[in-house]
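The values are calculated or read from the model by the stated rules, or taken from the named source; none is laboratory data. Keep in mind that what you see is a predicted model, and the values were worked out from it rather than measured. Cβ: placed from backbone, ideal geometry, glycine included. Neighbour counts: every protein chain shown. Heavy atoms of the whole protein, side chains included, go into the accessibility calculation; ligands, DNA and RNA do not. Shrake-Rupley method; radii C 1.70, N 1.55, O 1.52, S 1.80 Å.
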Amino acid sequence: MRRFHRLAVMLPVLSLLLLAGCAALMGYAHKPEVSLSSLQVEGITLFEQRFRLLLRVRNPNDRDLAVDGLEFTLDLNGEPLARGLSAEAVTVPRLGEATVTVFATSDLNGWLKQFRKLKRDGDGNLPERLPYRLKGTVSSGSLGRIPFTQDGEVPVAALLNGTKR
């Protein structure tokens, strides 16, 4: 009987705690969206290539989103190109966006795969744009790690001569 009494008291308390936790997360009904805003080659050495990326983080929720880090991979033309991470903290306003500058690196093997995979058209010209996939996680202290994936296209000129997108 005593065990039943404890259970009868604990159930309402646990239910209230669960409801409070759900209410705290209700303002974040949608995942943030992360997209590539620009890509620039920073430097090329024999063993490593370094890129500067500007990522746009959109918050479709009705509450500000505190981002304290990003981790990502960048695939280009169906092949892995670069990996990066950033501990830059940014607050993305409710129903708004913010940009984060991040750096990514690739190795010689990834860079060579990209050049081998480039196909020229009948006139010997390179394509103007290549498909990319940006995949990773947004870290937010209150929400943990939130995965994202974004597909798009990047100009080949950005990779060949370091110009921005």
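Quick check: net charge around His30, other residues with Cβ under 12 Å of its Cβ, Lys/Arg +1 and Asp/Glu -1?
Details: positive: Lys31, Arg58, Arg63, Arg94; negative: Glu33, Asp62.
Summing Lys and Arg as +1 and Asp and Glu as -1 gives +2.
Rounded to a whole number, what % of the accessible area of region 53-159 do carbon and sulfur atoms account for, probe 1.4 Å? List each step's numbers first, then the result.
Values: 2770 of 5620 Å².
About 49 percent, which is the carbon plus sulfur part of the accessible surface.
Given the options Asn61, Gly96, Leu130, identify the residue whose Cα lies farthest towards the positive end of the charge dipole of region 56-139 (+1 on Cβ of Lys, Arg; -1 on Cβ of Asp, Glu).
The residue sitting farthest along the positive end of the dipole is Leu130.
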